[in-house]
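Below you'll find the structure, written out as structure tokens, and then a few comments.
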Amino acid sequence: MPPGRVPRGGYQKPQNLGKTLRRLIGYLTKNPLPLVLVFTCLLCSVGTNLAGTYMMRGLINDFIWSGCTNYAGLTFGILKLIAVYLLGCLASYGQSAIMVRLAQRGVNRLRYDLFDKLQELPLSYFDRHPHGELMSRFTNDADNVQTALEQSMVSMVSSCLMFAGLVIMMLVINWKLFLVTAVILALTMTIFKTLGGKSRKYYQAQQAALGAVNGNIQEMIEGLKVVKAFTREERAKADFKALNETYRDAAQKANFYSTTIMPISGNLMNVSYALTACFGGVLAVLQGFDLGGMIIYLNLARQVGQPLNQISQQMTAVLSALAGAERIFAVMDAQPEVDEGKVRLVRVTEGADGSLTGLKKGDRSSRRWAWQEENGTLVPLKGDVRFENVDFAYVPGKRILHGISLYATPGQKIAFVGSTGAGKTTITNLINRFYELEGGRITYDGIDVRRIAKDDLRASLGMVLQDTHLFTGTVMDNIRYGRLDATDEECIAAAKTANAHSFIRRLPQGYQTVVTGDGANLSQGQRQLLAIARAAVADPPVMILDEATSSIDTRTEKHIEAGMDALMEGRTVFVIAHRLSTVRNSNCIVVIEQGQIEEKGDHDALLAEKGRYYSLYTGQFQLE
């Protein structure tokens, strides 16, 4: 890092420095011995540096100034000096090797624990915290912590020890000369504080401006088609130019103040050197100050400003890293998702006599789900889902659902329709217990879902979301994500059910084609077909389809209707759809408006009522 500069992101202090530091050290090592070794090596490195410098005084006075006649003594003195410096080199290598290893392992554990924590947090936490903010904990904050542990903290401690050693040695050599040095040091520290404060302020402004520039670039690239469609290229150029100018102004001021620190401090050290030399010469003439002591003192006077500069730089880096660590720990201290469920849902094998047994590893026979009573008895899971006066609010005091009551018996298809924001997706999210109810209850085969272990509950529910997400890997891997122990044949069968098999075969490597960038090499419709196949291979008793065919054209939709019917056969299915043609064959259509059930019934009955559904349905077909 250039002299006087601060890390990107500006100067930030942790709210609780002591607690954060202790916790971070706990990640470095649980055994204090490695840290003791690092500190010992630091002491040795600094001590040998100072000792070697002081040994030069004897060599100058005894051999050089007085005329060298004892060549053996001079040779022995030089060898001792070399041995001291070699010991210092070994100590420096030792502390660096140990500290780098501790830092790498510590930050590795920190990232691992942070990632584990994210898996335990409820979805409501991610609603409150932008994804980019959480990503910065893994990247910027973790990288700053690693750099600080490997370099900055050790360098700062070393600089503090070096500064203290230099001051003590200068006082020992000649305390009168130190008075001159002390005045210059006080002036140097004042300049560091003044210019460093201004530099940090403008670095914060620079980082904010850089974020605005990067955000504008990302937004323009993603929306380039819209920019060109509305011929707004000149407007885009003007907006970027303004943001770029703001960034340049902040960066110019930040760099001006940071780059002036070193020249000013360097010149002050030169002034200190000149004044010390003059005053030292007077002491040599009047009080017999030895030449070796004077030369060593002048050397120390030139060095004494360097530790201050290092401390100024590394203090900023260390405090910023500790602030980053504090932000990481804030995520790790967040309240995890509470799961008090004791009822277990398990996959079972059904025997010829109808008996149920737990599914053994590698068993490919018929699969069913069951819930396990406390005495170990397995009861078939049918998929009966009921809402009883359910109230819900994402934010306390702002209720989204009001007294929702409905039921889906095994094998029924329930469709939710209504305006955007009416609460349709919220209802399906509550079945999975992605969020906790404010009032009422939801039962699954008569069991309150709060009594069922969340992992088991969610594993028994298949979901196809409107916003599909594919992972980096092959097409086969993405389908198998629905059930990790599924065979290739089962994955292919699921793809055929979803009518995805035909397009997959036309891909360059078929099922082994690698999907990258969340499926950027596939169309939106193809991505959604893979999501349907992924749900099909999971083979759950309950399916939730949230706009599952929204990105599929009408022709393709007709082709997969038979496959979807096969997928839904014998299962309880909840469907959310804006395309009302897809819900006509539902057993029950629920019209949701403003978080309440406005109408409920099958397609023909609701049309006969000529209410809200009739308006939506006829309007849909008039548009078509």
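Tabulated values for the structure
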| read-out | value |
| --- | --- |
| Mean Cβ count within 10 Å, highest first, over the residues of peptides 529-542, 455-468 | 529-542, 455-468 |
| Crossing angle, helix 175-222 versus the chain [Cα axis fit, 0-90 degrees, rounded to tens] | 20 degrees |
| Karplus-derived HN-Hα couplings along region 433-447 (A = 6.51, B = -1.76, C = 1.60, θ = phi - 60°), whole Hz, x at Gly and Pro | 6, 5, 9, 9, 5, 8, x, x, 7, 10, 10, 10, 6, x, 9 |
| Calculated FRET efficiency for the pair residue 472/residue 335, C-beta based, R₀ 25 Å, to 0.05 | 0.20 |
| Listed residues 332, 395, 346: farthest to the positive end of the dipole of the chain (Cβ charges) | 332 |
| Peptides ranked, highest mean first, by Cβ atoms within 10 Å: ranges 400-408, 292-300, 31-39 | 292-300, 400-408, 31-39 |
| Accessible-area composition of the chain, carbon plus sulfur, in percent [1.4 Å probe] | 57 percent |
| The chain - mean residue ellipticity at 222 nm from DSSP helices (-39,500 (n - 2.57) per run, n ≥ 4, rounded to 500) | -19500 deg cm²/dmol |
| Spatial separation of Cα centroids for region 270-341 and region 137-202, in angstrom | 2 Å |
| Average silhouette area of the chain, convex hull of alpha-carbon atoms, in square nanometres | 41.1 nm² |
| Accessible area in the full protein assembly, largest first, 1.4 Å probe, for 240, 329, 76 | 76, 240, 329 |
| Local electrostatic count, residue 443, Cβ distance below 11 Å [Lys/Arg +1, Asp/Glu -1] | 0 |
| Magnitude of the charge dipole, the chain, Cβ model with Lys/Arg +1 and Asp/Glu -1, debye to 20 | 2100 debye |
| Solvent-accessible ranking of 342, 241, largest area first, probe 1.4 Å | 342, 241 |
| Violating pairs (Cα-Cα greater than 22 angstrom) within the set 117/424; 19/117; 398/424; 342/398; 117/398 | 117/424; 342/398; 117/398 |
| Solvent-accessible area per residue for region 103-143 (1.4 angstrom probe, square angstrom) | 59 Å² |
| Where region 296-349 is the region considered: accessible area per residue in Å², 1.4 Å probe | 37 Å² |
| Gain upon complete extension [residue 134, residue 229; 0.36 nm per residue less C-alpha separation] | 30.8 nm |
| C-alpha long axis of helix 524-538 to longest principal axis of the chain, angle in ° | 80 degrees |
| Within-12-Å neighbourhood charge of residue 113 [Cβ basis; K, R +1; D, E -1] | +2 |
| Net charge of Cβ neighbours under 12 Å - reference residue 503; Lys, Arg +1; Asp, Glu -1 | +4 |
| On Cα atoms only, tilt of 33-59 relative to the major axis of the chain in degrees | 20 degrees |
| Accessible area (Å², 1.4 Å probe, nearest 10) - residue 381 | 10 Å² |
| Gyration tensor (alpha-carbon) shape descriptor, region 102-224, a/c threshold 1.5 | oblate |
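The values are calculated or read from the model by the stated rules, or taken from the named source; none is laboratory data. Keep in mind that this is a model prediction, so the values were computed, not measured. Cβ sites come from the backbone with ideal geometry, for glycine too, and all protein chains shown count toward neighbours. Side chains included, ligands, DNA and RNA excluded: accessible areas come from the protein's heavy atoms. Shrake-Rupley method; radii C 1.70, N 1.55, O 1.52, S 1.80 Å.
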